[in-house]
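Below is one structure, written out as structure tokens; the observations come after it.
Derivation of every value follows stated rules applied to the coordinates shown; laboratory data play no part. These numbers were taken from a predicted model, which means no experiment stands behind them. Virtual Cβ from ideal backbone geometry, glycine too; neighbours counted across all protein chains shown.
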Amino acid sequence: MADSTTYTPPNVWHWQQETESRFSKINRPVAGATHEKVLPVGKHPLQLYSLATPNGVKVTMLLEELLALGITHAEYDAWLINIGDGDQFGSGFVEINPNSKIPALADHSTSPTTRVFESGAIMLYLAEKFGAFIPSGGSERAECLSWLFWQMGSAPYLGGGFGHFYAYAPEKWEYPINRYTMEIKRQLDVLDRNLESRQFLCGDEYNIADMAVYSWYGQLALTGLYESKEFLQVDSYTHLIRWATEVHNRPAVKRGRKVNRASKSGLIERHDASDFDGLESG
Ligand SMILES: N[C@@H](CCC(=O)N[C@@H](CS)C(=O)NCC(=O)O)C(=O)O
């Protein structure tokens, strides 16, 4: 790679395929499938293809919350998509999500099968389908959708911007780290000020906006995504920490965070509520 201070973009950009970066199997300038691969289908109508990243867990948190309410039709099979190995470019996955990113959902209870991609769209689809965790109308619904879409628009600055340059880029460059740190601290302050007078993001009721925002900003505040807790001084956002702790401690949230996680405390695949039995806590 050229020195950042001397790089002059050529007239036409050409792809120089990376071989050593952790993203070498992921980064491509074209879309579409790279190989044939049929996706597995389990016994439930809802089939989720995902991974326990923040974008993945927001959906499994919602599914576990729906089941905790006694909505048995929300039972689901969750299959692991290993994005480091390029599973998102398999033909079956691309049929469900032409954008090749987790999470993706297939609902086989409809005819024809409904495909849904983009985590925010999946949350909205499930909340509307089961009539839960979303206000039914008026200003309450508008507030919920506003925070849900806020998360969808804001998190790329956190993951693709701050996280990339602070934790993953081959060198620490001051310019992008400053630029994205400024934006992330502003976003944390937006949340902190909103939560100063509200128990949950939209008021007294916990809903899909809390789940979506927790998955990125709650986890950042509590566990320090990218090992940035001290750098970002996340403990100073006291209202955010109070709210994140309350969401974090919900049993359904704890279960949702374990799904499609390849660790001793996680489930690589999830097919039944009993799959959680006997897992290590964590
Ligand atoms: N806006 C999308 C973003 C999804 C996304 O970025 N997923 C990442 C993992 S967190 C992914 O699948 N990356 C694989 C790739 O970029 O090839 C959503 O919210 O669903």
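Values computed for the structure shown
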{"item": "Cross-link pairs 172/264; 185/258; 25/254; 101/258 - those with Cα-Cα distance over 25 Å", "result": "172/264; 185/258; 25/254"}
{"item": "Under 13 Å from the residue 22 label point (7 Å along Cα→beta-carbon), backbone N, the stretch 207-231", "result": "225-228"}
{"item": "Stokes-Einstein diffusion coefficient of the chain, Kirkwood radius over Cα pairs, 10 °C, 1.306 mPa s, in µm²/s", "result": "79"}
{"item": "Label zone at residue 185, where the point sits 7 Å out along the Cα-to-Cβ direction: the stretch 133-167 residues whose backbone N lies under 16 Å", "result": "158, 162-163, 166"}
{"item": "Trypsin sites (Lys or Arg not before Pro) within the stretch 172-231: DSSP coil, no more than 16 neighbouring Cβ in 10 Å", "result": "172, 198"}
{"item": "Residue 277 paired with residue 198, simple spin-label distance in nm, labels 7 Å along Cα-to-beta-carbon", "result": "4.0"}
{"item": "Spherically averaged projected area in nm², based on the convex hull that wraps the Cα atoms of the stretch 91-182", "result": "8.5"}
{"item": "Packing-based exposure ordering (other Cβ within 10 Å, fewest first) of 65, 280", "result": "280, 65"}
{"item": "Estimated FRET transfer efficiency (residue 141, residue 167; beta-carbon r; R0 30 Å; 0.05)", "result": "0.25"}
{"item": "Relative packing of peptides 117-129, 36-48, 208-220 - highest average C-beta neighbours within 10 Å first", "result": "208-220, 117-129, 36-48"}
{"item": "Residue 68 versus residue 175: modelled label distance in nm, points set 7 Å from Cα along the beta carbon direction", "result": "4.6"}
{"item": "MRE, 222 nm, helices only [DSSP H, n ≥ 4, -39500 (n - 2.57), over the chain, to nearest 500]", "result": "-11500 deg cm²/dmol"}
{"item": "FRET efficiency estimate (nearest 0.05) - Cβ-Cβ, residue 229 to residue 95, R0 25 angstrom", "result": "0.05"}
{"item": "Rg over Rh [alpha-carbon atoms, Kirkwood Rh] for the stretch 138-249", "result": "0.98"}
